[in-house]
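Below you'll find the structure, written out as structure tokens, and then a few comments.
FYI, it's all coordinate maths here, none of it is from the lab. Treat the numbers as computed from the prediction; the structure is a model and nothing was measured. Here the Cβ positions follow ideal geometry from the backbone for every residue, glycine too, while neighbour counts run over all protein chains shown.
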Amino acid sequence: KKVGVLISGSGTNLQVNNVTINATTDLSKGIGAEIVLVISNKPGVQGLQRAQNAGIPTKVIKHTEFKSRLEFDMAMHAELIAAGVEIVCLAGFMRVLTGDFVKLWQGRLINIHPALLPLFKGTHAHRQALAAGVRITGCTAHFVEEDIDAGAILVQQSVQIEIGDTEETLQERVKLTEHKVFPEALRLVATEKVYLDEEGKLVWTK
Ligand SMILES: Nc1nc2ccc(CNc3ccc(C(=O)NCCCC(=O)O)cc3)cc2c(=O)[nH]1
Ligand SMILES: N[C@@H]1O[C@H](COP(=O)(O)O)[C@@H](O)[C@H]1O
């Protein structure tokens, strides 16, 4: 399956020791996915460099250059379709997508969130976890629905919060887990082990 990745920043979820990129570009690993395009809404971010280093085509589509959210989303949609993308992954993509875009990609649009949803939705998940004083957090790969961070959950993994953790130390530790959870979620969707039914519920096949 051809995969498109939307990013806004560092893009470590795009690549960690080449795990994600290799896993998705090496079809022999049976993950059944290959990243064919990376789109960033911000120019000059490290994620673009990572993609280029891995020989993956990149595009910068600046949301600030569009009159509406919908026009921005449709510009991304056009590029994804032109590249033959079948599954879209959000990897640190920080713009809220319109319902129209989500409808076009329903069941083929996944996101990685740095908390155990439904806890700590939205931005600053680590700040929320530290403020709540929880001892265990984690990350969640989920299908994207119009309602932010509310889509059906594909994979979750817990991460211990250590005494003295800051947002930075916690983010670093959780990202190590994200880099296992995201490829696993992508593999499930790419190999059709799971799909999203019309009600937005997960259906496990074989
Ligand atoms: N419709 C839909 N779209 C999304 C876009 C990105 C993410 C990634 N996680 C995100 C969760 C929250 C935000 C957010 O509230 N950003 C500040 C406002 C930025 C803006 O004005 O756009 C961004 C990404 C998740 C979703 C989702 O669950 N549903
Ligand atoms: N969606 C969230 O945004 C961050 C992106 O990190 P990176 O993949 O750009 O390094 C990650 O923490 C991810 O969970």
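Brief remarks follow.
- Net charge of neighbours whose Cβ lies under 11 Å from the Cβ of Glu178, counting Lys and Arg as +1 and Asp and Glu as -1: +1
- Charge context of Thr98, other residues only, Cβ under 13 angstrom, K/R +1, D/E -1: -3
- Candidates His77, His113, His124: whichever shows maximal mean-square fluctuation once the chain is modelled as a Gaussian network with Cα springs under 10 Å: His124
- Sum of -39500 (n - 2.57) over DSSP H runs of 4+, divided by residues of the chain (222 nm, nearest 500): -10000 deg cm²/dmol
- If you take the Cα centroid of the stretch 47-83 and the Cα centroid of the stretch 108-122, the two points sit 22 Å apart.
- Note: relative contact order over the chain, using C-alpha pairs below 8 Å and six or more positions apart, is 20 percent.
- GluC sites (Glu not before Pro) within the stretch 134-163, DSSP loop, no more than 16 other Cβ atoms inside 10 Å: Glu146, Glu162
- For the chain, a Gaussian network of Cα nodes joined below 10 Å ranks Lys59, Lys42, Lys67 by mean-square fluctuation, and the top entry is Lys67.
- Here the chain is assigned +1 on the Cβ of each Lys and Arg and -1 on the Cβ of each Asp and Glu. Its dipole about the Cα centre then comes out at about 340 debye.
- Placing a label point 7 Å from the Cα of Thr166 along the Cα-to-Cβ direction, the residues of the stretch 92-130 whose backbone N falls under 16 Å from that point are 126-128, 130.
- Principal-axis analysis of the Cα atoms of the chain puts helix 167-190 at an angle of about 50° to the longest axis.
- DSSP assigns beta bridges within the chain; of those with both partners inside it, close to 45 percent run antiparallel.
- Residue (of Ile39, Ala152, Ala54) at the positive-pole extreme of the chain, dipole from beta-carbon charges: Ala54
- Highest GNM mean-square fluctuation among Val36, Val155, Val45, for the chain modelled with Cα contacts below 10 Å: Val45.
- Seen from Gly107, the other residues with C-beta closer than 15 Å to its C-beta sum to a net charge of -2, counting Lys and Arg as +1 and Asp and Glu as -1.
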